[in-house]
Every structure is written in C-alpha cells, then in structure tokens.
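See structure below.
The values are calculated or read from the model by the stated rules, or taken from the named source; none is laboratory data. All of these numbers come straight from a predicted model, not from anything done at the bench. Neighbour counts are summed over all protein chains in view; Cβ atoms, including those assigned to glycine, are modelled from backbone coordinates with ideal geometry. These accessible areas exclude ligands, DNA and RNA; they are computed on the full protein's heavy atoms, side chains included. Shrake-Rupley method; radii C 1.70, N 1.55, O 1.52, S 1.80 Å.
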Amino acid sequence: MPDIIQLLPDHVANQIAAGEVVQRPASVVKELLENAIDAGATTIKLIIKDAGKTLIQVIDNGEGMSQTDARLSFERHATSKIKKAEDLFNIHTKGFRGEALASIAAISHVDLKTKQANQELGTCIKIEGSTIVSQENVSSPKGTAIAVKNLFYNIPARRNFLKSNSIETRHIINEFQRVVLAHASIAFSFFHNDNEIYNLISSNLRQRIVAILGKKTNERLVPINEVTELVEIIGYVTRPEFAKKKRGEQFFFVNDRFIKNAYLNHAVTNAFESLLAYGYYPTYFLYLRVPTKSIDINIHPTKTEIKFDDEKTLYAIIRSTIKHSLGQYNVAPVLDFERDSSMDTPYEFKNKKSETPNVKVNPDYNPFKPVGKSSHQNYKTPPAANWESLYTGIDIQNIEVESETVITSLFSEENSSAKTYQIHKKYIVSSIKSGIVFINQHLAHQRVLYEEFLENITVKEAMSQQLLFPIEISFNKADISLIKEIKEDLENVGFLFDKISAETIVIKGIPVSITESQITIILEQLLEDIKNDIPDTSFSQLDIMAKSLAKSLAIKTGTKLDLKEQEELVNKLFLCKEPSLSPFGKTTFVTVNLGEIDNKFIS
Ligand code: ADP
Ligand code: MG
C-alpha cells in the first residue's frame, strides 16, 4: 500500500484555521483593532461598508512594520509578541497567536500599507487568498492601514451563512464597544457606509462609558475602587434603581481584555442582593488588573474566556467591594424591594388596642344547595373549533367537547360559583372535565399579547393613542440607528414618532396597550432583544418585536388577578392559535387527569 498522508498546503491550512478565528466580519474588526492597539496607536479609525461584507478597514498611527515584517505578518504563527513558551504566561498584548492576519488573508482580499517612523517610504502589499499579488514601496504616513475586502469570497458557504446587514453590524458594534471601553485613552472613530457612528476622543473611563452609553448614564454610575494583593479593581456599577431588564450592559475586563465569566458575574449580581427587583440586572463596567502569571488566556481561540488561579477569592473580593461601594454611596438603605408593605402596621393603628373580632354566620347557608346561575355571564363562548385546537398536541383527548356551550361544560361540571382560582399569584387553576388545569398567568398572557401584536403588525392597522405631551427619550447613537431601521415596524404596532435626531427620539403616539411610563423600558427591552436575537434567523424582525413587547407587557408572576381578569385571560388564551405554548416555546398550561389524582389515593 502506498503512503497516503500528506502535509496540507499552507493556503489550505490557513483556510481551516480561518474557520476558527474568523466567524464573521466582527471577528476581523476585533483582530484588526487589537493589532492596532498592540502597535501602540493613539488614534484608530474603523471604516466598514455593507456591514463589513464589502470592506473592513482599520487605520492606525502605531509603530508600523518594516518591509520584511509586513510580508511575514501574513505567515501563520508569525508574531512579534511572544518568542518562547514561557512568554505565554506573561502576556501583555492582545494578540500572541500570530494567526489572525494569516487567517484573514486566506479568505479575503487584503491591502496593507504600513510605515515605521524612521522609514522614508512605506510598504504596500496586496494579497488575495493567501497569495501575494503585489508589493511595492509607497509614501504613507506613519502607522498601518489595512483593508480587508470581500470577506469569504472564496468560501461561498460561509459568505451565504452571514446574517443580514443589520445583524452583522450589531455584532461589529458590540466588538467595537468592548474594545473602546477597554482603552479609553485611545481615540477611536467608526464609519459605516460613510456615516459616522462614533467619534470618541481620548478620555478617562467615565467619559468613555458616557460617550458609548449616552449622557443619561453619567448620574447613574457608582464608582468602584479596590486594591488588594490579588487584584486591583476599578470601574463603575449603575445604581440599582437603574437596573435593566436585560443583561446587555455588563462588562468585565481583565488586564484590558474583555472577558465573559459567569462565576464573577454572579459575584456582582450577588452584591446587589435584595436591591434589585426580580428579573432586573445591574449594569457594570469592571476592570480587573491581575498579575499576568495568575491567569491563563489560552483556553479559548477567540479569547473571551480566561482562567483565574484563585477564582473563589476573586469572587469574594468583587462581591464585597461592590457591596461596600453601594453602601458608601448610600444606595443600599434607600431601596428595599423585598419588603412587603402589606406587612407594615399602618401608623394610625399602632396605638390602638386590639379587639376580638366578631364572627358573623348566616344560619341559612347550605353549602350543598345548588347555587344556580354562574356569576360569569360575561364569559364569551368561543367557537368550538378553537377549543379543539387547545387539545392538539397534548394528551388529554378524554375531555369531551360536546356542544356549543363548551366552556361551561368544560370548566364546570357542578355549577360552582368560581370557575377559576388564582394560586400563589402565579397560576390560575380551574377544574375541567378530565381533571384540573393549571395555567401560568405570565406565560399565558405572553401568548395572548404576542398573537395580538403579531396581528396588529401584519395587518398594519394598530391602534395608537396620541400623547398630550410628546415624550423625548435619549438613546446612544447605535440604538438610534437601530430605531431608524425598525421605525416602520414600530409604527405598525402603534408608535408614532415626531422626530428622531442624533441622540434622542420624540414620541407622540404609543400603542393603546401600553402606558406612558412603560415606554422607555419597553423600547430598551425591544432594542436589546433585537440585538440579541442573533441565532433566530428563521424569525423576522416583526416576530422578534411582537415577542419582545409581549414579554415586557405580560402580567407578571406575583400579580393578583381578580376573577374577571382571570376569566378574561383564560378566555383569550384559548382563543389563541397556539394556546399551549408561550411565544418562547414554554408550556403555558398543564393538566392533571382525574385518573392521575385517583392513583395518588391508591395505596
Ligand atoms: P498576533 O497579533 O497574534 O501577533 P497577527 O496575525 O494579528 O498575530 O499579526 C501578526 C503580526 O503582524 C503581529 O505580531 C505584529 O507584529 C504585526 N502587525 C499586525 N498588525 C499590525 C499593526 N496594525 N501595526 C503594526 N504591526 C502589526
Ligand atoms: Mg493580532
């Protein structure tokens, strides 16, 4: 048998490596920005076209490269940043693998211009799919300009796999924000299709955070500052009352590198403890500085995860530092969401003497006497077809659906006065022919609202309520550009805009189903959901919007519902096209068969 193993040619090996390093245009943006930072640049400009699919260009005023280095930089494992294995445990730069440029050049057209300060002429190199097509001397300013064009031009499957421009742009903005938040002293600008998205001057941390997240952030920041032997922590958390219903604005940086770490995130959340209402998340920007030897950055190719030597102690330090700062800035005692005010003794009762209550009974009351007409006359009787849809896909066929008056026959065998009960302010319970149904009020309401919104959006005739006084809300620039993108859809659900300017929007009408005080929260949640809904491409933007609004507006767990509200919800749920699932695929109700209950009594 002949030998069959061969070494792969470099360009093939590079393409394979590229699969790991370059998932999408945003990965290129990250690598190029980091190279510019490693080169000591003080001003960095990012230019993209068509969400980076056509062009990604980064221009820096860093140290530049010699002619030989410029050529070498595209070789795999070519790096100026580490020399030997021990250096891996002492990394002070963003890059160190020497993979990025080689990978990028394997799957795109790259133009590189670079010049060092002491050189008269710079070098210009053009590469297409790992092959150098030209190299010449050019006059250029000090620093490096690198343009990556037609990403994935030679891997059609990858190119087709890219998401819509708005989604890819969002990925790029996310990467950009992580990088610029880690390097406040470097000036950055960012242009997309010739529009300026950001222009960030060299500044301090607080100014940089405000420049990214908008002016209103400033007064919400609580500074964090702690130096221990193990770690130095600086940064900001936002005051608990400005916590968001989204996790989006949570940033950890370790030695100026953005990282994700669920364990440390828990430490922060834990520090806020009872200061946050259920389902709210703190916003934070925390910068940890640890000895390079105590971390291992090498465990993940895209390097957002790192390993700490002593995570437990780090957890404790972060938690207590934040707790301390919250206390010091007097936020802690002011708020107490946990307290149940119904337990407080009202002032005027404090000095009253207690009396034994009188118990009044009606001697004529007979619990076995039929009550007669049910109290729920306003119960709409839905068409039987809808009721059948309730049972599709779930195994409760033994409920008989007999006549037009299905509801009554389904929900009450005896004519008891209450058809529904609410338990634990969470479930609506009702007896049905086959047993009992438990409906999760929050999830059920999500389903109802979702279908309502979807219908409104698609038929484009949503009801809008005009506001007496238009409301002005400020957003950061990235969010404003997103709002512009979805403006038409927002109008279809009932929002009316007066003006959209660089950092604010003015709203003059809102959907009838929401109240004025909810607008900001709902819009913020919506933007966040659209930004995060990256894997769900099968769904359109409209669907995401309907889901998001439904989620924001659905009655919460913990809300007491009176009988009428319970009924209305149950009624509407079972009029839905898909009553058994929430828009996010969670079960909205479960049934327990009499048989199952009976079984529990058999010993
Ligand atoms: P790494 O950053 O891991 O070293 P890269 O493939 O990203 O690997 O870059 C290879 C080398 O090219 C770097 O080590 C650096 O010497 C050089 N280089 C890349 N970009 C720049 C830049 N903008 N300015 C100066 N040198 C650069
Ligand atoms: Mg690099």
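What the table shows:
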quantity: ILE602 paired with LEU88, simple spin-label distance in nm, labels 7 Å along Cα-to-beta-carbon; calculated: 6.3 nm
quantity: Heavy-atom accessible area order for ILE483, ILE155, largest first, 1.4 Å probe; calculated: ILE155, ILE483
quantity: Residues of the stretch 115-237: accessible area per residue with a 1.4 Å probe, Å²; calculated: 47 Å²
quantity: Accessible-area composition of the stretch 1-57, carbon plus sulfur, in percent [1.4 Å probe]; calculated: 57 percent
quantity: Fraction of accessible area attributable to carbon and sulfur, the stretch 125-247 (%, probe 1.4 Å); calculated: 48 percent
quantity: Calculated FRET value between VAL506 and SER185, using beta carbons and R₀ = 41 Å, to 0.05; calculated: 0.70
quantity: Spatially proximal lysines relative to LYS244 (Cα-Cα < 17 Å; intrachain offsets below 8 disregarded); calculated: LYS215, LYS216, LYS531, LYS551, LYS556
quantity: Sequence of ARG24, ARG170, ARG76 from largest to smallest accessible area, 1.4 Å probe; calculated: ARG76, ARG24, ARG170
